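Only one structure is covered here, and it is reproduced in the block below.
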Amino acid sequence: QVQLVESGGGLVQAGGSLRLSCAASGRTLNNYAMAWFRQAPGKERELVTVISRSGGSIYYVDPVKGRFTISRDNAKNTVYLQMNSLKPEDTAVYYCAASGRNNAYTAQSYDYWGQGTQVTVSS
């Protein structure tokens, strides 16, 4: 079992930055691809970004490319999401997730989830 705990969310003005963290316990994250998803009110949960087990392969959805950066520190068992130039449409609950599969781009591919952290961007 892997337990994931997100932190770092909050209220920020448009154009601002936040850094989310996802700390894991129970098992090392070395064997898992990691992702950040988000869910806005009234919308389905959507993928934001994925990082491979080694960190050598990273995928971003188009709306966040150039603004968000995912990284991982396997020694600290932690994954990060640096979010810059935030927009009101980035407002959502952000979840980190772990998958034992390669090429995991759907929520169904992920085995473990955190409880989520709220990000609110004001205009």
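The values are calculated or read from the model by the stated rules, or taken from the named source; none is laboratory data. This is a predicted model, so every value here is computed, not measured. Glycine gets a Cβ as well: all are built from the backbone with ideal geometry, and neighbour counts include every protein chain shown. Protein only, heavy atoms only, side chains kept; ligands, DNA and RNA dropped before computing areas. Shrake-Rupley method; radii C 1.70, N 1.55, O 1.52, S 1.80 Å.
For Ser17, indicate whether it is open to solvent by 30 Å² or more (accessible area, probe 1.4 Å), without any contact (Cβ under 8 Å) to a residue 24 or more places away in the chain and either within 12 Å of the chain's Cα centre (by Cα) or farther than 15 Å from Trp113 by Cβ (or both). No: the conditions fail for Ser17. Looking only at residues that are crowded, with 18+ Cβ neighbours inside 10 Å and touching a helix residue (DSSP H, G or I) at 6+ places or on another chain (Cβ under 9 Å) in region 114-123, which one is farthest from Gln1 (Cα to Cα)? Filtering region 114-123 for residues that are crowded, with 18+ Cβ neighbours inside 10 Å and touching a helix residue (DSSP H, G or I) at 6+ places or on another chain (Cβ under 9 Å), the one farthest from Gln1 (Cα to Cα) comes out as Val121. Taken over region 1-47, the criterion of being part of a strand (DSSP E or B), basic (Lys, Arg) and either touching a Lys or Arg at 6+ places or on another chain (Cβ under 7 Å) or closer than 14 Å to Thr91 by Cβ (or both) is satisfied by Arg38 alone. Examine region 72-79 for a residue that is over 13 Å from the mean Cα position of the chain (by Cα) and polar (S, T, N, Q), and state whether such a residue exists. Taking every residue of region 72-79 in turn, at least one turns out to be over 13 Å from the mean Cα position of the chain (by Cα) and polar (S, T, N, Q). The residues of region 51-75 that are basic (Lys, Arg) and either under 15 Å from Tyr105 (Cα atoms) or in contact (Cβ under 8 Å) with a residue 12 or more places away in the chain (or both), listed by number, are Arg53, Arg67, Arg72. Any residue at all in region 55-70 that is among the basic types (Lys, Arg), under 14 Å from the mean Cα position of the chain (by Cα) and assigned to a strand (DSSP E or B)? The answer is no, given that none of the residues of region 55-70 is among the basic types (Lys, Arg), under 14 Å from the mean Cα position of the chain (by Cα) and assigned to a strand (DSSP E or B).
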